[in-house]
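What follows is calculated from the coordinates using simple rules that are stated; it is not laboratory data. If you're wondering where the values come from, they're calculated on a predicted model, not measured in any experiment. Note that we place each Cβ from the backbone using ideal geometry, even for glycine, and neighbour counts take in every protein chain shown.
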Amino acid sequence: MKKMQITLSNRIQKILNIQYPIIQAAMNWLTDAKLVAAVSNAGGMGVIGPNAGLIEDTHLKSTEKLRNEIRKVNTLTDNPFALNTFFPPDGDIEKENHSQKFLDLAFEEGVLYFVSVGNINKRLIKSIKDQGATLIFRELTPTVEGAKIAESLGADVIIATGYDEGGRIPKRAIGTFSIVPTIVDAVNIPVLATGGINDIRAVRAALALGADGVYVGTRFIVSDECPAADETKHDIINSNGYDLILVSDEHRSTPNNYAKMLEKMHLNGASSEEIEQIIAQGGGALSGMRNGNSYEGIVSVNTAIDRIKEIKSVKDIVDELMADYQDKEAY
Ligand SMILES: Cc1cc2nc3c(=O)[nH]c(=O)nc-3n(C[C@H](O)[C@H](O)[C@H](O)COP(=O)(O)O)c2cc1C
């Protein structure tokens with residue numbers, strides 16, 4: 001494919017010390033050491049997500065499990081990688097303490113890069129910045145105000161999440177094409193676009209909108225290295241965006257048996273909150289995606305899955321999406 005003739009900024013490469021401005025998005029149960037290291041080895045940045053490396057809901061979300069996973073990544077790559085951390089709202093002390101415990105462990109293990117998800121949390125931002133670590137900040141529902149505050153508190157990169165994304169979708173139905181330039185205009189630090197970026201055309205669109213790089217989740221599920229079940233990977237390949245089911249205000253799924261059941265409950269009056277509780281009790285992506293049981297869990301994906309045609313190695317996905325960067329003259 002012909003290379004794109006635009007000036008490519010390399011702010012993300014510099015800040016994150018990586019070859020290509022592609023960051024693998026954190027995904028509950030699905031982003032373990034093997035996937036994370038594969039992305040970092042391919043020149044992007046892998047991000048350890050919740051329940052990394054686990055295969056069942058042990059309710060032992062202990063810091064020690066995370067320590068093992070961080071150490072495993074370190075044995076598999078010498079390149080930078082990041083840890084995903086939940087930011088509760090300021091003042092939710094119990095949840096803050098919980099996140100702080102994970103941060104402290106990560107600091108002990110020498111982790112230098114963090115991807116937050118959730119809210120502005122002054123104490124946790126300060127804790128990361130005081131370590132001299134790098135913060136990639138992601139508000140669940142991106143806002144201009146949130147991006148500006150995060151920047152003023154020392155965030156290094158902002159993620160602008162479009163409604164197209166897989167996982168817990170933003171509360172406002174503003175697509176990637178709309179939210180990325182809004183956030184780009186609001187801050188001076190670099191912005192990563194996320195939501196529906198599954199091929200090089202979407203990467204180019206993100207850059208054209210002013211993003212400095214991309215944060216990619218769903219595409220990496222359908223990789224050799226992702227621990228998602230083969231059934232899940234094939235379900236994504238065989239599904240299309242049009243048939244996705246919005247099972248609650250916060251999650252969409254391929255039309256598997258479980259999603260159809262939840263959709264029926266929703267139509268019969270179950271609230272979004274009730275549906276969310278059922279999804280959470282089932283371990284989120286554990287049953288439907290990690291274990292591939294279409295009767296027990298949803299398969300949460302972005303709206304652009306028509307672009308995903310085959311299971312590929314992480315390296316092939318990174319090379320394909322970052323093809324414009326392989327010509328050094330281009331940037
Ligand atoms: C199955 C799945 C699970 C996810 N779990 C998490 C999570 O635990 N923490 C988080 O910050 N984001 C989570 N996300 C959101 C991703 O980090 C990211 O924002 C999203 O996947 C990007 O959009 P894309 O899927 O369109 O590439 C999840 C996404 C998916 C698809």
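What the table below lists for this structure:
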| read-out | value |
| --- | --- |
| Inter-site label distance for Arg201 and Asp230 at 7 Å from Cα along Cβ, in nm | 3.1 |
| Amide H contacts of Asn293 (H built 1.01 Å from N, under 5 Å, at least 5 apart or other chain) | Gly288 |
| Computed magnitude of the charge dipole of the chain (debye, nearest 20; Cβ of K, R +1, Cβ of D, E -1) | 540 |
| Contact order normalised by residue count of the range 245-300, Cα under 8 Å, 6+ apart, percent | 39 |
| Chain lengthening between Asn238 and Lys129 when straightened (0.36 nm per residue, less Cα-Cα) | 34.9 nm |
| Where the Cα pairs of the range 190-262 fall when distances are cut into 5 Å bins, in % | 3, 15, 19, 20, 19, 15, 7, 2, 0 |
| Ala25 long-range amide H proximity, modeled H, under 5 Å | Val216, Gly217 |
| Residue exposure sequence - Phe137, Phe86, Phe81 - by fewest surrounding Cβ within 10 Å | Phe86, Phe81, Phe137 |
| Surrounding net charge for Val301, when Lys and Arg each add one and Asp and Glu each subtract one, Cβ distance under 15 Å | -1 |
| Contact order normalised by residue count of the chain, Cα under 8 Å, 6+ apart, percent | 18 |
| Relative contact order (percent, whole number), the range 124-276, Cα cutoff 8 Å, 6+ residue spacing | 16 |
| Reach of Lys264 by Cα under 19 Å, taken over aspartates and glutamates that are not fewer than 8 positions away in the same chain | Asp243, Asp249, Glu250, Glu273, Glu274, Glu276, Glu296 |
| For the chain, with +1 on Lys and Arg beta carbons and -1 on Asp and Glu, the positive-most of Met322, Met289, Ala193 along the dipole | Met322 |
| Residue-span extension gain [Asp92 to Lys264] - 0.36 nm each, minus C-alpha spacing | 58.4 nm |
| Potential lengthening between Tyr295 and Glu109 on full extension [0.36 nm per residue; Cα-Cα distance subtracted] | 63.1 nm |
| Two-site label geometry, Thr143 and Lys309: point separation in nm, points 7 Å out along Cα→Cβ | 4.2 |
| Rule-of-thumb Rg ratio for the chain [Cα; 2.2 N^0.38 Å; N residues] | 0.93 |
| Projected label distance in nm at Asp185 and Thr75, using a 7 Å step from Cα toward the beta-carbon | 5.1 |
| Isotropic mean projected area of the C-alpha convex hull, the range 245-300 (nm²) | 2.9 |
| Ascending count of other beta-carbon atoms within 10 Å, so fewest first, for Asp249, Asp235 | Asp249, Asp235 |
| Positive minus negative residues near Ala186 (Lys, Arg vs Asp, Glu; Cβ under 13 Å) | -3 |
| Beta bridges by DSSP in the chain, antiparallel share as percent, to the nearest 5 | 5 |
| Sites Ser271 and Asn68, calculated FRET efficiency, Cβ-Cβ separation with R0 45 Å, nearest 0.05 | 0.75 |
